[in-house]
Amino acid sequence: MKKYYISFILTVILSLFMLVSVFAHTDDNVINNNQRDDSMESFGAFLPEIPQKYYGGYYYDIESGGILHIKIVDTTQEGKDLLLSLQEFNTKASSVSALNAEIVFEGGAVYTYKELEQATYRIGDLELDKNGHYIWKEIEFDEKPELIHWKVDIRQNSLIIIAREWNEASVKKMSELLNIEIDHIIFETANYTIEELEEALNKVVDAKLHKGLNVLEVGLRTGKNSIYVVATKWDNELKKEVMKISGLKKENIIFVIYGGEIDNSDFDEDITENGLINQVKKAFKI
């Protein structure tokens, strides 16, 4: 028993010594525990702080088991040196910390997270007017499309902006006003405006409250240009009923089973008279 405790204590001391060695041999620009301020991004005691001018945000790669990826702006030599220092640090630290083994410092970012985040505020945000009231202020320019949703995509170091439609002129103007290169803006189109989605949502809510529609909850997912509808279970008839009431396409309705699971089972969405006739023709190969 005595030998066991001695062995355990020696293992702990050795591990601490290795960890201290890792910190001691890491570049001063990577770790600076004595000068924590708003210009640095911190990820905990066992990870180095990152200057904001090199910080591109972080995301979790679910497909690889939830590995944390931290993006680094490496467009300058200083950024490249920082990325290399971070990667070397993490390789050494991984030998004594399971946490570091589940982190990847990743280059390839052109814009910092702060730059992309501020660009989203320029697209649209709440502002105080002269009377001290909050008003919605949205970017304006000639032939601006109706904007539906926007967000930062950290993995691609880009903005995603969803509108009803885009043309070459509006794409170029948006890029200029935001001071973000076109290659770092993902311009997506959507089937419906927010007002149209809200109208569809209200129709489903009304049917739930007053017409016996057997659903539990309805909500809006602007980022998916969709509404979601929760039910204890889904079958083809209930899905078709929700589609008919809402007036939305199938791809713009998220059918959620109570508990959180999404029902992705396919079904024939053509519920018009012609659709039924076509089904009969198909069945009898007419």
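Every listed requirement among (1) within 18 Å of GLU176 (Cβ to Cβ); (2) crowded, with 16+ Cβ neighbours inside 10 Å; (3) at pLDDT 95 or above is met by PRO145 save one, (3).
So which residues in the range 109-153 are in contact with a strand residue (DSSP E or B) (Cβ under 9 Å, 6 or more places away or on another chain) and small (Gly, Ala, Ser), if there are any at all? Listed by number, the residues that qualify are ALA109, ALA119, GLY124. Output yes when any residue across the range 11-32 is modelled with pLDDT under 85, buried (at least 18 other Cβ atoms within 10 Å of the Cβ) and within 30 Å of GLU181 (Cα to Cα), and no when none is. Within the range 11-32, one or more residues are modelled with pLDDT under 85, buried (at least 18 other Cβ atoms within 10 Å of the Cβ) and within 30 Å of GLU181 (Cα to Cα). So which residues in the range 39-48 are closer than 18 Å to TYR111 by Cα and either touching a Leu at 6+ places or on another chain (Cβ under 9 Å) or assigned to a loop (DSSP other than H, G, I, E, B) (or both), if there are any at all? Selection gives SER39 alone. Consider the range 162-174 and keep the residues that are assigned to a loop (DSSP other than H, G, I, E, B) and among the charged types (D, E, K, R). The one that is modelled with the highest pLDDT is GLU165.
Please work out if ILE50 is of a type outside the set (Gly, Ala, Ser), in contact with an Asp or Glu (Cβ under 6 Å, 6 or more places away or on another chain) and open to solvent by 60 Å² or more (accessible area, probe 1.4 Å). So that I can check it myself, show each step before the final result.
Values: of a type outside the set (Gly, Ala, Ser): yes; in contact with an Asp or Glu (Cβ under 6 Å, 6 or more places away or on another chain): yes; open to solvent by 60 Å² or more (accessible area, probe 1.4 Å): no.
Spelling it out, it is not the case that ILE50 is of a type outside the set (Gly, Ala, Ser), in contact with an Asp or Glu (Cβ under 6 Å, 6 or more places away or on another chain) and open to solvent by 60 Å² or more (accessible area, probe 1.4 Å).
Per the conditions (1) of a type in the set (S, T, N, Q); (2) open to solvent by 10 Å² or more (accessible area, probe 1.4 Å); (3) on the phi < 0 side of the Ramachandran plot, the sole criterion not satisfied by SER226 is (2). Taking (1) surrounded by 14 or more Cβ atoms within 10 Å (Cβ to Cβ); (2) at pLDDT 95 or above; (3) not small (Gly, Ala, Ser) in turn, THR76 satisfies each apart from (1).
For the range 194-220, the candidate set comprises residues that are exposed (fewer than 15 other Cβ atoms within 10 Å of the Cβ) and among the charged types (D, E, K, R); within that set, the residue that is farthest from TRP150 (Cα to Cα) is LYS211.
All conditions but one from (1) at pLDDT below 95; (2) of a type outside the set (A, V, I, L, M, F, W, C); (3) touching a Gly at 6+ places or on another chain (Cβ under 8 Å) apply to LYS203; the one that does not is (1). Would you pick out the residues in the range 92-105 that are in contact with a strand residue (DSSP E or B) (Cβ under 8 Å, 6 or more places away or on another chain) and open to solvent by less than 40 Å² (accessible area, probe 1.4 Å)? Within the range 92-105, ILE103, PHE105 qualify. Pull out all pairs, ordered by first then second residue, where Cβ-Cβ is under 8 Å, the residues are six or more apart or on different chains, the first lies in the range 211-236 and is assigned to a loop (DSSP other than H, G, I, E, B), and the second is among the acidic types (Asp, Glu) and open to solvent by less than 40 Å² (accessible area, probe 1.4 Å). Taking only residues 6 or more apart or on different chains, the pairs are TRP234/ASP263. The numbered conditions (1) assigned to a loop (DSSP other than H, G, I, E, B); (2) surrounded by fewer than 14 Cβ atoms within 10 Å (Cβ to Cβ); (3) of a type in the set (A, V, I, L, M) are all true for ILE180 except (2).
The values are calculated or read from the model by the stated rules, or taken from the named source; none is laboratory data. Since we're looking at a predicted model, the values are computed, not measured. Here Cβ is always computed from backbone atoms with ideal geometry, including for glycine, and neighbour counts include all displayed protein chains. Just the protein is used for accessible areas: all its heavy atoms, side chains included, with ligands, DNA and RNA removed. Shrake-Rupley method; radii C 1.70, N 1.55, O 1.52, S 1.80 Å.
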